[in-house]
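The values are calculated or read from the model by the stated rules, or taken from the named source; none is laboratory data. None of these values were measured; they are calculated from a predicted model. Backbone-built Cβ (ideal geometry, glycine too); neighbour counts: all protein chains shown.
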Amino acid sequence: MSKLPSLSTLQVVRVLRQAGFVDAPVRGKGSHTALTKTEPNGTLRLVIVPDRKDIPIGTLVAIIKQAGLTRDQFLDLLR
(Lines give C-alpha, C1' and ligand atoms only; values in the text may rest on other atoms or scores of the structure.)
Protein backbone atom coordinates (compact mmCIF):
# COMPACT_ATOMS: atom_id res chain seq x y z
CA MET A 1 0.00 0.00 0.00
CA SER A 2 1.51 3.29 -1.15
CA LYS A 3 1.61 6.47 0.87
CA LEU A 4 -0.84 9.15 -0.20
CA PRO A 5 0.67 12.49 -1.24
CA SER A 6 -0.58 15.89 -0.13
CA LEU A 7 -3.11 17.01 -2.75
CA SER A 8 -5.18 20.10 -3.48
CA THR A 9 -8.87 20.15 -4.31
CA LEU A 10 -8.13 20.62 -8.01
CA GLN A 11 -5.87 17.55 -8.10
CA VAL A 12 -8.44 15.36 -6.34
CA VAL A 13 -11.28 16.56 -8.59
CA ARG A 14 -9.14 15.85 -11.69
CA VAL A 15 -8.54 12.26 -10.53
CA LEU A 16 -12.22 11.72 -9.73
CA ARG A 17 -13.22 13.01 -13.18
CA GLN A 18 -10.82 10.48 -14.71
CA ALA A 19 -12.66 7.82 -12.68
CA GLY A 20 -15.95 8.83 -14.34
CA PHE A 21 -17.33 11.41 -11.92
CA VAL A 22 -19.08 14.54 -13.20
CA ASP A 23 -20.11 17.78 -11.53
CA ALA A 24 -23.25 17.37 -9.45
CA PRO A 25 -26.24 19.59 -10.17
CA VAL A 26 -26.00 23.00 -8.50
CA ARG A 27 -26.24 22.51 -4.75
CA GLY A 28 -26.18 26.13 -3.62
CA LYS A 29 -23.30 28.20 -2.33
CA GLY A 30 -20.46 26.69 -0.40
CA SER A 31 -16.80 25.88 -0.24
CA HIS A 32 -17.09 22.28 -1.43
CA THR A 33 -17.15 20.61 -4.82
CA ALA A 34 -19.79 17.92 -5.34
CA LEU A 35 -19.26 15.16 -7.91
CA THR A 36 -21.54 12.28 -8.87
CA LYS A 37 -21.22 8.99 -10.71
CA THR A 38 -23.90 6.46 -11.62
CA GLU A 39 -22.72 2.91 -10.98
CA PRO A 40 -23.58 0.09 -13.45
CA ASN A 41 -26.24 -1.18 -11.03
CA GLY A 42 -27.97 2.24 -11.05
CA THR A 43 -26.64 3.44 -7.69
CA LEU A 44 -25.66 7.11 -7.61
CA ARG A 45 -22.40 7.91 -5.81
CA LEU A 46 -21.97 11.41 -4.41
CA VAL A 47 -18.51 12.60 -3.37
CA ILE A 48 -17.92 15.94 -1.64
CA VAL A 49 -14.45 17.49 -1.87
CA PRO A 50 -13.66 20.47 0.40
CA ASP A 51 -12.11 23.51 -1.27
CA ARG A 52 -8.65 23.52 0.30
CA LYS A 53 -5.07 24.04 -0.80
CA ASP A 54 -4.00 20.86 1.01
CA ILE A 55 -6.61 18.23 1.82
CA PRO A 56 -5.82 16.40 5.10
CA ILE A 57 -4.86 12.74 4.63
CA GLY A 58 -7.83 11.48 6.69
CA THR A 59 -10.22 13.48 4.53
CA LEU A 60 -8.54 12.18 1.37
CA VAL A 61 -8.92 8.59 2.59
CA ALA A 62 -12.64 9.24 3.22
CA ILE A 63 -13.06 10.75 -0.28
CA ILE A 64 -11.39 7.71 -1.86
CA LYS A 65 -13.70 5.40 0.10
CA GLN A 66 -16.81 7.44 -0.87
CA ALA A 67 -15.74 7.20 -4.51
CA GLY A 68 -15.61 3.41 -4.27
CA LEU A 69 -11.94 3.33 -5.22
CA THR A 70 -9.01 1.58 -3.62
CA ARG A 71 -5.96 3.55 -2.62
CA ASP A 72 -3.96 1.93 -5.44
CA GLN A 73 -6.65 2.71 -8.04
CA PHE A 74 -6.65 6.33 -6.92
CA LEU A 75 -2.85 6.56 -7.12
CA ASP A 76 -2.85 4.98 -10.60
CA LEU A 77 -5.31 7.63 -11.79
CA LEU A 78 -3.16 10.32 -10.20
CA ARG A 79 -0.16 9.41 -12.38
Matching entry among 58, 30, 42 (being at positive phi, at pLDDT 90 or above and more than 11 Å from the chain's Cα centre (by Cα)): 42
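For the stretch 29-58, what are the residues that are of a type in the set (Val, Ile, Thr), under 12 Å from residue 4 (Cα atoms) and exposed (fewer than 14 other Cβ atoms within 10 Å of the Cβ)?
Across the stretch 29-58, the qualifying residue is only 57.
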Tally up the residues in the stretch 42-79 that are farther than 18 Å from residue 30 by Cα and out of contact with any Gly (no Cβ under 8 Å at 6 or more places or on another chain), please. 25
Could you count how many residues in the stretch 18-73 are closer than 13 Å to residue 8 by Cα and part of a loop (DSSP other than H, G, I, E, B)? 5
